[in-house]
């Protein structure tokens, strides 16, 4: 009996020990961190940059004593690369931050002027170091981020001017050889805007690609001021130079994010039931941004799902970043390349509104053998447009929409491309109707300049585009854009442009992020001949490229 009791006791102890040993099993692995963009980071970038501009000179040729005004094209290009440092803070799906960058560059260019007397002015320009301090704002889809950026830029510019008088002659007299040289350096401050995409391949490492446009403004230089030539020359040699420099750059890079000032949230252990938590947001600002995409979804669910045409502003509410590029051919023989064409960022802040924040058009006018003076720089910018949707129905409930716009154009352009000092306000009514895979979208607006009305005049602007959708990704279109001048120097004239094009999309990247692109050809059909003073139509024909990233 005692023996049986002992065996039972030992068995009980053994079972208890086994259970206790099970309790002492190794703990589960630590919870996996939830990814966040919040944190400080450091990284590097490399890419390619190209600039445009013209150096205009006012001076006196010391050999002949003849005053002149001329220009040298400045188009430096080269590699650009360096380092960046910044901090991001994520609020729900929105990411805001600040970033500083420093880049070394190999941008350089050489041009020259040849004068009738045989003298030559050679100009070599370069920039070695550039930097910027910028704000950033973006929208994140987990590890994917689309962002816009803008701020102040600074750079060092070097210019070497060589004046070569070897072999110069005035009339039949050959003059003594002469050579003069001047080196000028300047640090200049401008502004920069751009955008890009970034993807986190781990919780700390990310890769990125971005584009930026930088305007360095005007750089004024005095050349050889007060330099006296050899005694047999009576003229002083001096030039005043002025150049405006704009730069484009594309770069790819990487960033490493630190957690020094960031407590990373972690996922809850799925094995342990978690008590329900009150997630009510009491901060109205946080609540607004938290439900931004919900409002965008609601707004777009109650309207037609057509594609935005290339040459007509859609009455629909869109949320996208858009880039357009025009190559315009004028009847006077010149050509204008228009980058961005006044497009930019479009956001849906409420269920019935859209705000368009546009980039001023960057334009380059080429003479192409004509007598037109070349020019490069910004045009006046349609910097903001507010869109109010009045009524709409999606394809299941009527397939129509009616909206009103109010846009404002600022006199931001250089002298060749501006209506300065006039601002131009344009109220517009837009609508559309569809049946099946076919739709028509149109606008009618009227420009109201705040100044120079006798010169700029008022215009009645109308546009209409017919569009067809087939095979999921194809959206061919045919449209008209009409401009009727009711006052100003073109009063009574009319310009009618016909266009044919096609959009391709919507190619899904992730969730709401989609990519669309298209091409169109536009031709002036009225008037049937060019009126040169002032030029009407504004251009004879044009090629148009359009790319959009919707989100």
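From the list 246, 300, which residue is crowded, with 20+ Cβ neighbours inside 10 Å, at pLDDT 50 or above, closer than 30 Å to residue 386 by Cα and out of contact with any strand residue (DSSP E or B) (no Cβ under 7 Å at 6 or more places or on another chain)?
300
If you take just the strands (runs of 3 or more DSSP E) that sit entirely in region 303-410, which of them hold at least 2 residues that are out of contact with any helix residue (DSSP H, G or I) (no Cβ under 6 Å at 6 or more places or on another chain) and closer than 29 Å to residue 433 by Cβ?
320-329, 344-350, 353-358, 381-393, 400-410
Which members of region 486-534 meet the condition of being out of contact with any strand residue (DSSP E or B) (no Cβ under 9 Å at 6 or more places or on another chain) and either modelled with pLDDT of 90 or more or not assigned by TED's automatic domain parsing to the domain that holds residue 324 (or both)?
Result: 489, single match.
What residue, of 447, 412, 459, 418, is assigned by TED's automatic domain parsing to the domain that holds residue 358, under 30 Å from residue 300 (Cα atoms) and surrounded by 15 or more Cβ atoms within 10 Å (Cβ to Cβ)?
Just one listed residue meets the conditions, 447.
So, residue 444, is that one within 20 Å of residue 311 (Cβ to Cβ) and at pLDDT 95 or above or not?
Considered against the rule, which asks whether it is within 20 Å of residue 311 (Cβ to Cβ) and at pLDDT 95 or above, residue 444 comes out as yes.
Please go through region 403-418 and give me each residue that is free of Cβ contacts under 8 Å to residues at least 60 places away in the same chain and farther than 17 Å from residue 384 by Cβ, ordered by number.
Residues satisfying the conditions are 415, 416, 417, 418.
Name the residue that is modelled with the lowest pLDDT, counting only residues in region 536-551 that are part of a strand (DSSP E or B) and under 30 Å from residue 141 (Cα atoms).
549
The values are calculated or read from the model by the stated rules, or taken from the named source; none is laboratory data. Everything numeric in this text was worked out from a predicted model, so none of it was measured. Neighbour counts are summed over all protein chains in view; Cβ atoms, including those assigned to glycine, are modelled from backbone coordinates with ideal geometry.
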